[in-house]
Amino acid sequence: MEYLIKQYPVETGALEIQYIEEFFGEFPRRKMAAEVMARLQDREALILMAEAPLPDDPGTLVPVSYKVVHEVKPHETDPKLRDLIERLHDCVRFDDRRILYSWIGATRRDWRGQGHFRALTEESEAWAVAGGFHEMVVKTKNRFYEMRSALTQLQFDVVKFERHVKNAESKVYMSKLLSAEMVRGHKSMRSVVQV
Ligand SMILES: CC(C)(COP(=O)(O)OP(=O)(O)OC[C@H]1O[C@@H](n2cnc3c(N)ncnc32)[C@H](O)[C@@H]1OP(=O)(O)O)[C@@H](O)C(=O)NCCC(=O)NCCS
């Protein structure tokens with residue numbers, strides 16, 4: 001199967017994310033376009049979205065999965081990112097290395113388990129290696145079992161665990177070292193269109 005991926009500039013991508021987030025009823029706090037734009041402006045970032053046919057109307061392609069990654073630097077000013085960097089301080093090395101943060105992403109329920117998230121992740125890794133990034137980090141929670149399973153399968157390693165009183169809410173930080181060799185090992189066939 002060849003995965004169809006669109007790469008978006010920030011403004012259009014932010015609107016597309018707001019649209020696709022409407023389909024993720026399981027998460028109460030959905031990402032809005034303004035938040036995406038505020039986070040990504042003035043930093044290196046990649047917005048990817050996979051499209052696939054509607055099962056009952058195969059001629060119609062719809063967005064089914066998305067992923068946003070962006071650069072993080074050792075001295076961030078945004079409070080959320082500053083907090084993230086502080087938490088990563090003891091498990092990710094920043095000096096002379098380019099670090100990418102895998103911020104948000106998901107696949108619509110009816111299209112899960114079909115490889116869309118792998119395709120987006122592999123595309124983001126290829127982009128990252130071409131751009132000179134050294135490591136991709138991601139934060140999730142104990143209770144996000146699907147995401148933890150997918151990240152493990154995509155060979156992200158746990159680098160930190162932050163215990164919460166409710167263990168389901170404990171944070172799990174995962175990371176993957178990026179290299180050209182790793183990109184050569186990618187499994188998905190993809191066609192990427194720049195919007
Ligand atoms: C996690 C999620 C993005 C995976 O998307 P997907 O498109 O179904 O993932 P893929 O089909 O590309 O699977 C990628 C890999 O992970 C594995 N995987 C995916 N979901 C899995 C699950 N629930 N259990 C075990 N393995 C799983 C797949 O087998 C695949 O590995 P393989 O290619 O070696 O076979 C999707 O389940 C989702 O959107 N979940 C909700 C999002 C979420 O939890 N957000 C929380 C905030 S962090």
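Just so you know, all these numbers are worked out from the coordinates, no wet-lab data involved. From a predicted model like this one, the values you see are computed outputs, not experimental measurements. Here the Cβ positions follow ideal geometry from the backbone for every residue, glycine too, while neighbour counts run over all protein chains shown.
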Next item on the list: Kindly put His134, His75, His164 in sequence by how many other C-beta atoms sit within 10 Å of each C-beta, fewest to most.
Entry: His75, His164, His134
Margin query: I want to verify a result. In a Gaussian network model of the chain, Cα cutoff 10 Å, which of these has the top mean-square fluctuation: Glu51, Glu162, Glu11?
Written below: Glu162
Margin query: Order these by the 10 Å Cβ neighbour count, fewest first: Tyr19, Tyr3.
Written below: Tyr19, Tyr3
Notebook entry, point to check: In whole Å, how far is the Cα centre of the range 1-18 from that of the range 166-195?
Noted result: 17
Next item on the list: May I ask you to derive the relative contact order of the chain, considering only C-alpha pairs under 8 Å and at least 6 residues apart, and to give it as an integer percent?
Entry: 23
Margin query: Less than 13 Å from a label point 7 Å out along the Cα-to-Cβ axis of Ser170: which backbone N atoms in the range 111-150 qualify, by residue?
Written below: 141-144
Margin query: With θ taken as phi - 60° and the coefficients 6.51, -1.76 and 1.60, list the Karplus ³J(HN,Hα) couplings across the range 138-145 in order, rounded to whole Hz; mark glycine and proline as x.
Written below: 8, 10, 9, 10, 3, 6, 8, 5
Notebook entry, point to check: the range 64-126 to the range 131-164: how many Å between their Cα centroids?
Noted result: 9
Next item on the list: Run the quick spin-label model on Asp96 and Gln114: label points 7 Å from Cα toward the beta carbon, then report their separation in nm to one decimal.
Entry: 4.6
Notebook entry, point to check: Roughly what percent of Cα-Cα pairs across the chain reach past 28 Å?
Noted result: 23
Check: Taking the mean number of other Cβ atoms within 10 Å as a proxy for protection, how do you rank 173-184, 92-103, 61-72 from highest to lowest?
Finding: 61-72, 92-103, 173-184
Next item on the list: For n ≥ 4 DSSP H runs only, could you compute -39500 (n - 2.57) per run for the chain, divide by its residues and tell me the 222 nm figure to the nearest 500?
Entry: -9000 deg cm²/dmol
Item checked: Dipole in debye (nearest 20) - the range 2-194, about Cα centre, beta carbon charges: Lys, Arg +1; Asp, Glu -1 -> 640
